[in-house]
1. Of the conditions (1) in a strand (DSSP E or B); (2) free of Cβ contacts under 8 Å to residues at least 60 places away in the same chain; (3) assigned by TED's automatic domain parsing to the domain that holds PRO117; (4) not polar (S, T, N, Q), ALA99 clears all except one; give me its number.
2. As an exercise: evaluate ARG201 against (1) crowded, with 19+ Cβ neighbours inside 10 Å; (2) under 20 Å from LEU108 (Cα atoms) and give the number of the one condition it does not meet.
3. Being hydrophobic (A, V, I, L, M, F, W, C) and more than 11 Å from GLY192 (Cβ to Cβ) is the filter; apply it to the stretch 91-107 and report the residue that is nearest to the chain's Cα centre (by Cα).
4. Take residues that are out of contact with any Phe, Trp or Tyr (no Cβ under 9 Å at 6 or more places or on another chain) and tell me which of the strands (runs of 3 or more DSSP E) falling wholly in the stretch 176-290 contain 2 or more.
5. Does VAL222 qualify as being without any contact (Cβ under 8 Å) to a residue 24 or more places away in the chain and not aromatic (Phe, Trp, Tyr)?
Amino acid sequence: MAESGLIIVDKPAEWTSHDVVGKMRRLAGTRRVGHAGTLDPMATGVLVIGVEKATRLLGHLALTEKVYESTMRLGVTTNTDDAEGEVTAIVPAGQVTEADVRRGVEALTGRIMQVPPQVSAIKVNGERAYRRARAGEDVELAARPVTVHAFEVTAVRVHDDVVDVDATVRCSSGTYIRALARDLGGGLGVGGHLTYLRRTRVGPYDISAAKTIEELGVECSVLPIGAAVAAAFPRRDVTAEEAKIVSHGGRLPSLGLGDGPIGVFGPGDELLALVEEQGRAAKPLAVFVG
């Protein structure tokens, strides 16, 4: 059996997240592989892959904060809000100043309501929005609350009628960077789309720890599941008696360790479970032993 843990992949451009999962299944020698948070094909960077028991962590890891490096082109709108789509409008943007850009960015920072791109994996009446959009349907998606913790402009470059904005974005799960590009351009009256995207962090997992597909082909480095949980979530160490309770799906008293998952470790540093405190009890979310 393959080792349970996480593989931090530096996803190459033009690969889908599903492509990476397929490759990792072959390299890890198991079908039990999944990913925490899809990256669009044009995007590169951190894709967290779970192997064996660690697949049960992925839904929780997908909810963590993410960091992206991006380039947003103002003056051109596409039907996908990124460079892979068809151009739908061109409005000269040469008059847009850096001060204009920074004001636009400020309006998109903090807790905002964001309409996802039409070409996205959001489900509409049970069907993915991108399937409906590609079939020619005009898909209307509801705005959703997201949090843009930081939207830092690192460069503004004017090229005749278009303006390229380089920016680093730190945001909550569910934030679409291409929607930020669309809305930045829209707010400035010239439209916009995303031309470059690289994810540099997912929760505690940074691009510095990521391996390329080629590197993983030489050595398939797996972060053990216990180390993965300890890096991502608060830790709770329990006695042998408490370990028995948790291993059978029982509840423990809450210790006030906060909202969200907590990693429970038994004697010998063995990962036992993820729990969540609800009132006076810590309820198991996933049990990894027994």
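The values are calculated or read from the model by the stated rules, or taken from the named source; none is laboratory data. Keep in mind it's a predicted model, so treat the numbers as computed, not measured. All Cβ positions, glycine included, derive from the backbone under ideal geometry; neighbour counts span all protein chains shown.
1. (1)
2. (2)
3. If we filter the stretch 91-107 for residues that are hydrophobic (A, V, I, L, M, F, W, C), which is where we start, we get 91, 93, 96, 99, 101, 105, 107.
Applying the additional criterion that residues be more than 11 Å from GLY192 (Cβ to Cβ) yields 99, 105, 107.
Working: ALA99: 30, VAL105: 21, ALA107: 22 Å.
Step by step, filter the stretch 91-107, then rank; the result is VAL105.
4. On the way: elements: 192-202, 235-237, 262-266, 270-278, 281-287.
Output list reads 192-202, 262-266, 270-278, 281-287.
5. On the way: without any contact (Cβ under 8 Å) to a residue 24 or more places away in the chain: no; not aromatic (Phe, Trp, Tyr): yes.
Against the criterion (without any contact (Cβ under 8 Å) to a residue 24 or more places away in the chain and not aromatic (Phe, Trp, Tyr)), VAL222 does not qualify.
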